[in-house]
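Presented below is the structure to which this report refers.
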Amino acid sequence: MVGCRTNCIERPLSQGFQQLGIIVARYPWWFLCIPFIISAGLGAGFYFLPQRQANNIEKQFTPIGGPAKTERDFIKKHFPTNDSGHFSPQRLYTEGSFVSLIAVSLSDNILHVNAFRELLLLDEMVRSLNITRSEQGHNVNLSFQQLCAEVQGPRCFPPNPLVAAVQDNPDQIEILNVTYPLFQNGTFLGMYVGGVTLGPEHTVQKALAIRLVYYIREDSDQDRHNSLLWINHFITSIPLKINNLKLKHIQVSYYTSVSMQQEFEVTTRSVIPLYSVTYFLTIFFSITTCTRFDCVRNKVWVASFGVITSGLAVLSSFGLLLLCGVPFVVTAANAPFLILGVGVDDMFIMISSWQQTDVMSSVEKRMANTYKEAAVSITITTLTDVLAFYIGIMTTFGSVQSFCIYTGTAILFCFIYNITCFGAFLSLHGRREESNRHWFTCIKVKKPGDGEGFSLYRACCVGGEYDRETSKEIEHPVTGFFRNKYGPFITNIWTKAFIIALYFVYVASSLYGCFQVQEGIDLRNLATDSSYVIPFYDKEDAYFSIFGPRVMVAITEETSYWDSSVRSKIETCMEAFENNSFVNKSFSESWLRVYEKFKPGIDDKNDFIANLTELFRAFPNYEQDLYINSNTIKASRFFIQTVNVITAVDEKDMLNQLREIAKSCEVPVLVYNPIFIYFDQYAVIVQNTVQNILVAAAAMFVISILLIPNPLCVLWVTFAIASIIVGVTGFMAYWQVNLDSISMINLVICIGFSVDFSAHISYAYVSNGSPKANSRVADALHSLGYPILQGGLSTILGVVVLSTAESYIFRTFFKIIFLVITFGMLHGLVFLPVFLTLFGNCDRKCRDNATGNNSNNIYADATNESNSTKCSDLQPRAKDNGSHIN
């Protein structure tokens, strides 16, 4: 380390890239063609895309190894379901195979004869649906009656207790005494009747909604196959059949056990048309920002090829991973949009470094200097981005792992192709410039001053202009704006005061938002906005949110139930559950309580076991609640009813509290409901997010300290990373984005992208030799303002079309990328420049070493080796090297 420099890695890396630039310039066609050949070969991996798609919602959007999955395995092993004769929905260890309809009254009461008449027509329509399947060369028709889950013999489990009670006579509904939530024989109506208004003695005066649920058998593989056929037939035919009923008194929404999975699988297809729009926008932006009116210096083809290079990176990386068998989840479909922005940003760096070289030098020398300056910067940003994504693979969510490995690999290919394929094309462009040929026709044109002519003639037939004093290309007007207008404005004392106040507002707003962020993914967000499942979820929330899931409380070990002291412990445990604020004790169900009343005073094991057969004869469903092996009760279960589980916070608190109660019981118990598989995300989402951010931030710090040769610069980079992450997390709440596996992806992205905007501006500042802080900031903004603006806008353009997507997944990706880039540019162009003038001074020795003899020019000659031991020998890279995109 010399002075305040740590260039032991950056210096040889820069020299290595300098040699690579020379080789690329000498053999451009090799470096141009080989990536195309590689991409064509690896692109064959897309043939396996249908086989690699892994869009199982449970596997991809719930924690790998979540406790509820272990609990489900226990329930499945000890309490198998019985769909033929003794079906009970609350005893399922999965959600089951079903179709469900919610009918909402168009008046103020659905318990009316006209509404119920239409409800019975709807019920008859569903029951009349038949399917045809091939069996031993013959077509066999199967009716709903042959497929349904059965209760008490061959009778289908009723879709709704009230529909069963009226017995196909809608007039009965107005004379039927409907009590809520317990109906005849203690039937629980909480999930079947919604929007209830109660009168005396829990009598229902009116209700707004009725739910019908039709369960299909799943006992065997053939049953499961038949159920899927029937449900798919239901999905395709129900819209037309409902329309044919011409309902006037009810409005119907529907949902099935396979709906969310099927709707999620079509999400990727909904975004495919946006790829072409993104490529058009990116090419248009690249051409616009790289166009010059000089017919020789124009970079139109270079800009266009930079976008093509990014496309090759996506083709190669995705093809390679598909060939290797890496699962492809819908979240990975976001990657191409991001890669376009990142790849174009790297292209701007390469072009800007090229424009800072001496136009009178040979192409090999210009390419050497371009690589010397730009490639290290690209390496830093690539390493930070790739590491950030690969660290994201540590998460316990499959969807995050898939996105991170696909995106990280694509960024790596983007880097490789930029320094090879794009560099080769840039060198061919340089040869055209060197021979003063027209950018479009490649015909030699006159140099400025070779002849006179009209303005149009000079624009079309005269080119190759450059700055005679510096021998570099003429700077862009926007660069001049940052030097002449913006620099003096931001260093004004009143402007600084306003920006400091603005930063405190930003921090306060962000911190407040951090405490308002909701956790967990809402399953409806996995479907497109136009999906039929959205209205169903909305009606379910509106009319059926009073009661939460019905929870199993399972005793997991062999227990002496005949022992009165053991029964006392079990009762104490049940009472602990029932006294919880999320549980209504009135609706608990315990076979042991019923047995104690049925056969009181039994304290002998053999008598206790022997008399269970009488209990099962009177209450057949209880037989499914005990696992008896070798005349021993190995496990048993009870049921509790949750209430007031409305928000994501309620879901998290309910699950945590029930599990804590289970741990405190004197008997070994677990709590389970199939929905707990999805609630498990609350237990790990914050932990996973914080873990990934901390590990990624540590990795970024190490990379920065090794490759950015100034410790003070690294400290400012670290400050910016933390500030941007807090801002993005806080403003997620204001934009209604939950902290889930989807947004976690983007918070990881924050780490890598934060480095891009903060490293170069702070390094340009600390490397400047001016004794005045304001001058150093003005010089840094002059050099960096336009490249930062270009890089940010190109990335936003890469994802902006996702704002119009019909899927929450893609809109969320756009929202957070937009926040990351916006706050990144805000820090790079507004906050950091001001803070650097106030707190960014290092000692005189450091500044002297950083600039070599106190030169006021922050960029030393790239070819000057006389200052090789000073801090100025390795200049601010690419974005901070006087990057002027013309």
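The values are calculated or read from the model by the stated rules, or taken from the named source; none is laboratory data. No experiment lies behind these values; they were computed from the predicted model shown. Cβ placement follows ideal geometry from the backbone for every residue including glycine, while neighbour counts extend to all protein chains displayed. All accessible areas refer to the heavy atoms of the entire protein, side chains included, with ligands and DNA or RNA removed. Shrake-Rupley method; radii C 1.70, N 1.55, O 1.52, S 1.80 Å.
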> Quick one: is ILE287 under 27 Å from VAL359 (Cα atoms), modelled with pLDDT under 85, in a helix (DSSP H, G or I) and not acidic (Asp, Glu)?
Replying inline: yes
> Any idea how many residues of the range 118-151 are in contact with a His (Cβ under 8 Å, 6 or more places away or on another chain) and outside any strand (DSSP E or B)?
Replying inline: 2
>> So SER564 ticks every box in (1) over 37 Å from the mean Cα position of the chain (by Cα); (2) closer than 26 Å to PHE74 by Cα but one. Which box is left unticked?
In response: (2)
> Which of the residues that make up the range 90-147 are touching a Ser or Thr at 6+ places or on another chain (Cβ under 9 Å) and among the β-branched types (Val, Ile, Thr)?
Replying inline: THR94, VAL99, ILE102, VAL104, ILE131, VAL140
> Just one of the numbered conditions (1) in contact (Cβ under 8 Å) with a residue 12 or more places away in the chain; (2) open to solvent by 50 Å² or more (accessible area, probe 1.4 Å) is not true of LEU694; which one?
Replying inline: (1)
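Looking only at the range 165-185, count every residue that is closer than 21 Å to ASN621 by Cβ and open to solvent by 50 Å² or more (accessible area, probe 1.4 Å) and tell me the total.
3
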> Wholly within the range 1-110, which helices (runs of 4 or more DSSP H) include no fewer than the required count, namely at least 1 residues that are within 30 Å of MET744 (Cα to Cα) and either open to solvent by less than 10 Å² (accessible area, probe 1.4 Å) or in contact (Cβ under 8 Å) with a residue 60 or more places away in the chain (or both)?
Replying inline: 28-42, 49-52, 57-61, 67-78
> What is the one condition in (1) in a helix (DSSP H, G or I); (2) open to solvent by 10 Å² or more (accessible area, probe 1.4 Å) that THR396 does not satisfy?
Replying inline: (1)
>> I need a count of the residues in the range 332-362 that are within 25 Å of GLU465 (Cα to Cα), aliphatic (A, V, I, L, M) and open to solvent by 10 Å² or more (accessible area, probe 1.4 Å).
In response: 2
>> Just to be sure before I move on: is SER253 outside any helix (DSSP H, G or I), in contact (Cβ under 8 Å) with a residue 12 or more places away in the chain, in contact with a helix residue (DSSP H, G or I) (Cβ under 6 Å, 6 or more places away or on another chain) and crowded, with 17+ Cβ neighbours inside 10 Å in the structure I sent?
In response: yes
> Taking the range 159-196 as the search range and keeping residues that are more than 38 Å from the chain's Cα centre (by Cα) and of a type in the set (Phe, Trp, Tyr), which one is farthest from PHE144 (Cα to Cα)?
Replying inline: TYR180
>> Checking the structure you have, find out if any residue of the range 374-383 is modelled with pLDDT of 85 or more and touching a helix residue (DSSP H, G or I) at 6+ places or on another chain (Cβ under 6 Å).
In response: no
> Is one or more of the residues making up the range 217-232 out of contact with any Lys or Arg (no Cβ under 9 Å at 6 or more places or on another chain), open to solvent by less than 30 Å² (accessible area, probe 1.4 Å) and not in a strand (DSSP E or B)?
Replying inline: yes
>> Let me spell it out: the conditions are (1) open to solvent by 30 Å² or more (accessible area, probe 1.4 Å); (2) within 22 Å of PHE587 (Cα to Cα), and ALA662 meets all of them except one. Which number is the exception?
In response: (1)
>> Looking at ILE646, ILE685, can you tell me which residue is open to solvent by 50 Å² or more (accessible area, probe 1.4 Å) and under 30 Å from LYS76 (Cβ atoms)?
In response: ILE646
> Quick check: is even one residue across the range 35-48 closer than 30 Å to LEU523 by Cβ and at pLDDT below 95?
Replying inline: yes
> On the given criteria, is ASP604 open to solvent by 40 Å² or more (accessible area, probe 1.4 Å), among the acidic types (Asp, Glu) and more than 46 Å from the chain's Cα centre (by Cα)?
Replying inline: yes
>> Yes or no: the range 417-424 includes at least one residue that is open to solvent by less than 10 Å² (accessible area, probe 1.4 Å), hydroxyl-bearing (Ser, Thr, Tyr), in a helix (DSSP H, G or I) and touching a residue at least 40 places away in the same chain (Cβ under 8 Å).
In response: yes
> Which ones in the range 272-290 are surrounded by fewer than 16 Cβ atoms within 10 Å (Cβ to Cβ) and in contact with a helix residue (DSSP H, G or I) (Cβ under 6 Å, 6 or more places away or on another chain)?
Replying inline: VAL277
> Quick one: in the range 164-183, which of the residues that are touching a His at 6+ places or on another chain (Cβ under 8 Å) and under 18 Å from ASN114 (Cα atoms) is modelled with the highest pLDDT?
Replying inline: ILE173
> Given the residues HIS429, HIS438, which is the only one that is touching a residue at least 60 places away in the same chain (Cβ under 8 Å) and more than 42 Å from the chain's Cα centre (by Cα)?
Replying inline: HIS438
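Rundown of residues vs (1) open to solvent by 50 Å² or more (accessible area, probe 1.4 Å); (2) touching a helix residue (DSSP H, G or I) at 6+ places or on another chain (Cβ under 7 Å), yes/no style:
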position: THR491; (1), (2): no, yes
position: PHE515; (1), (2): yes, no
position: VAL551; (1), (2): no, yes
position: ALA554; (1), (2): no, yes
position: THR559; (1), (2): no, yes
position: VAL566; (1), (2): no, no
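Every residue, every condition in (1) farther than 17 Å from ASP358 by Cα; (2) at pLDDT 75 or above; (3) open to solvent by 30 Å² or more (accessible area, probe 1.4 Å), yes or no:
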{"residue": "LEU412", "(1), (2), (3)": "yes, yes, yes"}
{"residue": "HIS429", "(1), (2), (3)": "no, yes, no"}
{"residue": "ASN436", "(1), (2), (3)": "no, yes, no"}
{"residue": "TYR457", "(1), (2), (3)": "yes, no, yes"}
{"residue": "GLU469", "(1), (2), (3)": "no, yes, yes"}
